Number of protein chains: 2
Amino acid sequence: MAIRVVIVGAGFAGINCAKRLGNRKGIDVTVVDRRNHHLFQPLLYQVAMAGLSPADIAVPIRTLLGKYRNVRVVQAEVDGLEYDESGQGGTVVAGASRFPFDALLLGAGAQHAYFGHEEWEPFAPGLKNLEQATEIRRRVLSAFERAEVTSDPDERRAALSFVVVGGGPTGVELAGALGEMSRFTLSRDFRSIDPKLTRVILIEAGPRILPSFSVELSSRATADLEKLGVQVWTDRAVTQVSAEGVEVAGERIRASTVLWAAGVQASSTGALVGGQRDRAGRVLVKSDLSIEGHPNVFVAGDQAAFREEERDRWLPGVATVALQQGIFVADTILADQRNRPRVAFRYWDKGQMATIGRRRAVLSSGKLELSGVMAWFAWLLVHIYYLTGFKNRLFVLMQWAYSYLTFARGARLIVQKEWRSYRSDRPAVPSS
Amino acid sequence: MAIRVVIVGAGFAGINCAKRLGNRKGIDVTVVDRRNHHLFQPLLYQVAMAGLSPADIAVPIRTLLGKYRNVRVVQAEVDGLEYDESGQGGTVVAGASRFPFDALLLGAGAQHAYFGHEEWEPFAPGLKNLEQATEIRRRVLSAFERAEVTSDPDERRAALSFVVVGGGPTGVELAGALGEMSRFTLSRDFRSIDPKLTRVILIEAGPRILPSFSVELSSRATADLEKLGVQVWTDRAVTQVSAEGVEVAGERIRASTVLWAAGVQASSTGALVGGQRDRAGRVLVKSDLSIEGHPNVFVAGDQAAFREEERDRWLPGVATVALQQGIFVADTILADQRNRPRVAFRYWDKGQMATIGRRRAVLSSGKLELSGVMAWFAWLLVHIYYLTGFKNRLFVLMQWAYSYLTFARGARLIVQKEWRSYRSDRPAVPSS
C-alpha cells in the first residue's frame with residue numbers, strides 16, 4: 001500500500017516537500033493549509049509598501065501542485081492530531097475531515113508575537129500574511145491622505161510619523177521603504193503637505209540593527225537608512241503601544257502608524273505533535289527533523305527548532321532553511337520507502353541579505369560581504385530567481401523595472417476592510 | 001480671481017472633467033473622493049472572477065492628476081452642501097473640511113440596490129467597488145474549496161451552485177466567467193470534485209437577458225452562455241435570498257453563492273444638491289447638465305438622469321456617457337469663463353458591448369451588430385484602449401494574453417477580511 005504523507009502548511013517547507021514527492025510511485029500526499037495560496041514571504045513587505053500586488057507574490061497551492069497526480073490539496077484548518085497505538089502513524093483532524101498518515105510534515109510557520117502584549121496588535125500590526133500586508137498599506141497611505149486634509153498641526157505631525165518596532169531584516173526593509181516612499185514616490189503627489197517632512201523611526205531593543213549580520217554591515221545599513229531620512233534608535237525597548245503612538249525608554253512618541261517587526265511565535269499547531277518546544281513555541285527536532293518518539297513525524301521551517309552543532313547555533317527562521325528542510329524530509333521519506341538509512345540534515349548556508357529602500361542592500365555569504373547598489377542587484381536576482389512560478393517572476397521583474405524607472409508605486413491602492421454598502425447601524429454611504 | 005471648481009467623485013465623469021481643466025489659467029480644481037483610487041469599473045467583474053488584480057484596474061487619483069498644478073486631490077467623505085445666498089456658488093462640506101466652489105460637478109456614481117430588500121446584501125453581494133470584487137472572489141473560490149473537502153453530498157451540491165441575479169451586462173459577464181472558470185480553468189485543479197458539474201444559474205426578471213441589445217444579440221448571448229454550461233432563466237423574479245440560496249417564482253434553489261447584479265441606486269450625495277430626483281435616486285439635469293435654479297451645479301455620469309429628446313430615452317449608466325459628460329462640463333465651465341454661450345450636451349453613442357466567457361461577446365454600434373470571437377476582440381481592444389494610464393494597459397494586455405494562452409487565472413487568491421491574529425474571542429490560530 002502507498003505511504004500516506006500528510007503535509008500541514010504550504011509554506012516553503014511544505015511546498016518543496018510536496019514537489020519532491022510529486023508523482024513518486026507508492027506515495028500519496030495530502031497538503032492541508034488554511035489558505036488557498038503559497039506566499040513568497042520575503043517580498044511581503046513590498047505588498048505592504050504598495051510596490052507589489054498580492055497576486056505578484058502569492059500563487060494558489062493548487063496551481064503549484066496541480067501537475068502531481070499523487071498530491072491532493074485541501075483548504076482546511078487543522079485542529080487535532082491523533083497518534084496510532086504504534087506511535088508510528090496517526091490522523092490529522094481538520095474540522096469534520098480526517099487525514100490518516102504514515103508520515104507527517106508539520107510546517108505551519110510562525111506569526112508575529114508581542115511578548116505577552118497581544119493587546120498592542122490593533123495599534124501595531126505585524127507582517128506575516130497578505131491580509132496584514134494590505135492592512136499596513138491601508139494605514140500608511142491613509143496617514144498621508146489624513147495629513148493632507150487636516151488643518152490641525154498636531155494631527156498632521158502624528159499622521160506623518162511612522163514607528164517601526166524591531167531592527168531585524170523585516171523592520172529594516174519596512175523602515176527603508178517608508179523612507180524612500182516619503183522622500184521620492186509621494187513627493188510630487190500632495191499640495192498641502194511635504195512628504196519629505198515625514199518622520200520614520202526604527203526602534204531596536206538591542207545594541208544594533210540587523211544583529212545577525214556583521215557589525216560593519218549593520219553600521220552600513222544604519223547609514224543607508226539615515227540617508228533615506230530614517231532615524232535609527234537602538235538600545236531602547238518599547239514599553240507601551242496605543243492609538244496615540246509608542247512609549248520607549250521613558251519617552252513618548254506620537255505616531256498614528258506603528259508597525260511591528262519585533263518578534264515571532266511559532267504556529268500553535270506545534271502543540272498538537274506533543275514534542276518539547278522552546279520559548280518561541282518551536283518544536284525541538286532531532287538531526288533528521290523528526291521528533292522524539294515519533295520517527296515519522298517531522299517538523300520543518302519556522303516551526304522547528306534545529307540545533308546546528310558544528311556552528312553552535314539554532315537555525316534562523318528564514319526561507320532557505322525551510323526550503324532545504326522540506327526537500328530533506330521528502331528525501332528521508334523516500335529513503336525509508338527503499339529501506340535505506342536516514343542521514344542528518346545539514347543546512348547549506350548561502351548567506352543572508354536585507355534590502356534598504358530602492359537600491360541599497362546588505363548581503364553576507366560566508367566570508368563575502370556586500371553593501372550598496374551591488375548588494376541590491378544581488379538581492380534582486382536572488383529573489384526573482386526564487387519566486388515560485390514563471391509568470392510571477394516575469395511580472396515582478398517588469399513591475400520593478402517600471403517602478404525603478406518612474407519612481408511610481410504601482411499598487412498604491414487603499415482598499416477598505418468592509419465590503420458592504422448597506423448596514424443597519426449607519427446610513428447608506430455615497431459610492432463615490 | 002480664479003474660478004474655484006469642486007469635483008465630487010473621481011469616476012469617469014470627475015477624472016475627465018479634472019483632466020480637461022488641468023493647467024488652465026484662472027481655474028482652481030479640488031477633487032474630493034472618499035477613496036484614493038479611480039476605478040475602471042467595466043473590468044471590475046474580472047477582479048471578482050480572479051482574472052485581474054485590483055491594481056490592474058485601479059489607479060491612485062493623485063497619480064492620474066499629479067501633473068496638473070491647479071488640481072488638488074482630497075480623500076474625504078462629502079456630507080453636506082451649503083449654497084451662497086446668490087445661489088450661484090456654495091461650499092462642499094466633508095467632515096471638518098470645507099471646499100468653497102464657484103462651480104460644482106457631482107459625479108459620485110451609483111451603487112447596487114436591492115429594491116427595498118437591503119437585508120439580502122450579506123447573502124448576495126453586488127459589484128461596484130474593489131472591496132466587493134474581492135469579497136465575491138473569496139466566496140466563489142472558497143465554495144470550490146469547501147466542495148472539495150466535504151463528504152456531505154447536499155453541502156457539495158450547494159457549494160457548487162452559483163446564482164447570478166440580473167441579466168444586464170454585469171450579470172452576463174459574471175455568469176459567463178463562472179461558467180468558463182468551472183469548465184476550463186479549475187477543471188484540473190481538484191481531485192474529489194469535478195468542477196464541470198458546477199451549476200451556474202442566471203436569473204432575469206424580464207423576458208430576456210441584455211434587454212438594451214437587439215433580440216437577436218440577446219438570444220445569441222443566451223446560446224453562448226449555455227455553451228459554457230450557464231442556465232438562463234428569464235421572466236422569473238427573485239422573491240427571497242438567504243444563506244441557503246434563493247427563492248424564485250415559487251421555486252427554491254440551494255446555492256451557497258449568490259451574486260447580485262440586478263439594480264442600481266445613485267449615490268445619496270445627490271440629495272445634497274436639492275434638485276428633483278427619479279426613482280433610482282438620479283438627479284434630473286437640464287440640457288447643459290446643470291440643475292434647475294443652480295446654473296453652476298452640474299451632475300454627471302450614473303448620478304444624473306439626462307433625457308435625450310431626439311432618441312426619446314434616458315441615457316444609460318455606462319462609462320462612455322460619464323466620460324463625455326465630464327468633458328462637457330469642463331468645456332461649459334471654460335465657455336462661461338470666456339463669456340461664450342453654453343451649448344446642450346449631446347451623447348455620441350459609440351454602442352454597447354458585453355463579454356461572455358473567455359472569447360465571446362456581443363456588440364452593437366449603430367446598425368452594426370457583432371457576436372462571437374470578432375465581438376470579443378473588438379471588446380478587448382476598446383477596453384484596453386480606454387484603460388486609464390499606460391502601465392495598466394500594458395499589464396492588463398499581458399495578463400490577458402497569458403490567461404488566454406494558459407487557461408490560468410493569475411489572481412486566484414482567497415484573501416480573508418480579517419487581518420488580526422490575536423483576538424480575545426478565539427484562541428490563537430495557526431498561521432499556516
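The values are calculated or read from the model by the stated rules, or taken from the named source; none is laboratory data. All of these numbers come straight from a predicted model, not from anything done at the bench. Cβ sites come from the backbone with ideal geometry, for glycine too, and all protein chains shown count toward neighbours. Accessible surface areas use protein heavy atoms only, side chains included; no ligands, DNA or RNA. Shrake-Rupley method; radii C 1.70, N 1.55, O 1.52, S 1.80 Å.
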Sole exception among (1) without any contact (Cβ under 8 Å) to a residue 12 or more places away in the chain; (2) in a helix (DSSP H, G or I) for A:ALA143, by number
(1)
When segment A:249-287 is examined, which residues are found to be part of a loop (DSSP other than H, G, I, E, B), more than 14 Å from chain B (Cβ to nearest Cβ) and among the hydroxyl-bearing types (Ser, Thr, Tyr)?
A:SER256, A:SER287
Being at pLDDT 95 or above, within 9 Å of another protein chain (Cβ to nearest Cβ) and surrounded by fewer than 20 Cβ atoms within 10 Å (Cβ to Cβ) is the filter here, so list the residues in segment A:97-118 that pass it.
none
Spot the failing condition for A:HIS38; the list is (1) closer than 17 Å to A:LEU104 by Cβ; (2) surrounded by 19 or more Cβ atoms within 10 Å (Cβ to Cβ), and only one is missed.
(1)
Going through segment A:144-188 one residue at a time, which ones are closer than 17 Å to B:PRO60 by Cα, among the hydrophobic types (A, V, I, L, M, F, W, C) and open to solvent by less than 20 Å² (accessible area, probe 1.4 Å)?
A:PHE144, A:ALA147, A:MET181, A:LEU186
Considering (1) more than 9 Å from chain A (Cβ to nearest Cβ); (2) on the phi > 0 side of the Ramachandran plot, say which one B:GLY9 fails and leave the rest.
(1)
Residue hits (segment B:35-51; closer than 22 Å to B:MET181 by Cβ and in a loop (DSSP other than H, G, I, E, B)) are B:PHE40, B:MET49, B:ALA50, B:GLY51
Go through the residues of segment B:52-66 one by one and say whether even a single one is open to solvent by 40 Å² or more (accessible area, probe 1.4 Å) and over 30 Å from A:PRO60 (Cβ atoms).
no
Sort through A:VAL283, A:VAL246 and tell me the only one that's touching a residue at least 60 places away in the same chain (Cβ under 8 Å), open to solvent by less than 20 Å² (accessible area, probe 1.4 Å) and within 30 Å of A:ASN339 (Cβ to Cβ).
A:VAL283
Scan segment B:216-235 residue by residue and report those that are open to solvent by 30 Å² or more (accessible area, probe 1.4 Å), closer than 19 Å to B:ARG358 by Cβ and touching a Lys or Arg at 6+ places or on another chain (Cβ under 6 Å).
none
Restricting segment A:67-86 to residues that are touching a residue at least 12 places away in the same chain (Cβ under 8 Å) and part of a loop (DSSP other than H, G, I, E, B), the one surrounded by the fewest Cβ atoms within 10 Å (Cβ to Cβ) turns out to be A:ARG69
For segment A:208-233, give me the residue count where each residue is modelled with pLDDT of 95 or more, in a loop (DSSP other than H, G, I, E, B) and either of a type in the set (S, T, N, Q) or farther than 19 Å from A:VAL163 by Cβ (or both).
0
Qualifying positions in segment B:189-203 - out of contact with any Pro (no Cβ under 8 Å at 6 or more places or on another chain), buried (at least 17 other Cβ atoms within 10 Å of the Cβ) and either outside any helix (DSSP H, G or I) or free of Cβ contacts under 8 Å to residues at least 40 places away in the same chain (or both)
B:PHE190, B:ILE193, B:THR198, B:ARG199, B:VAL200, B:ILE201, B:LEU202, B:ILE203
Condition (residue is in contact (Cβ under 8 Å) with a residue 40 or more places away in the chain and farther than 26 Å from A:VAL5 by Cβ) applied to segment A:319-342: is it met by at least one residue?
no
How many residues does segment B:121-137 contain that are assigned to a helix (DSSP H, G or I) and at the interface with chain A (Cβ under 9 Å from one of its Cβ atoms)?
9
What about B:PHE213, is it over 30 Å from A:THR30 (Cβ atoms), in contact (Cβ under 8 Å) with a residue 24 or more places away in the chain and not aliphatic (A, V, I, L, M)?
yes
With the requirement that a residue be among the charged types (D, E, K, R) and touching a residue at least 24 places away in the same chain (Cβ under 8 Å), what does segment B:157-188 give you?
B:ARG157, B:GLU173, B:GLU180, B:ARG183
Residue ID - nearest to the chain's Cα centre (by Cα), chosen from residues in segment B:1-33 that are part of a loop (DSSP other than H, G, I, E, B) and surrounded by 23 or more Cβ atoms within 10 Å (Cβ to Cβ)
B:GLY11
Qualifying position, being under 30 Å from A:ARG35 (Cα atoms), touching a helix residue (DSSP H, G or I) at 6+ places or on another chain (Cβ under 6 Å), within 14 Å of chain A (Cβ to nearest Cβ) and at pLDDT below 85, among B:GLN399, B:GLN416:
B:GLN416
Identify, by number, the condition in (1) at pLDDT below 95; (2) hydroxyl-bearing (Ser, Thr, Tyr); (3) farther than 30 Å from B:ARG62 by Cα that A:THR91 doesn't meet.
(1)
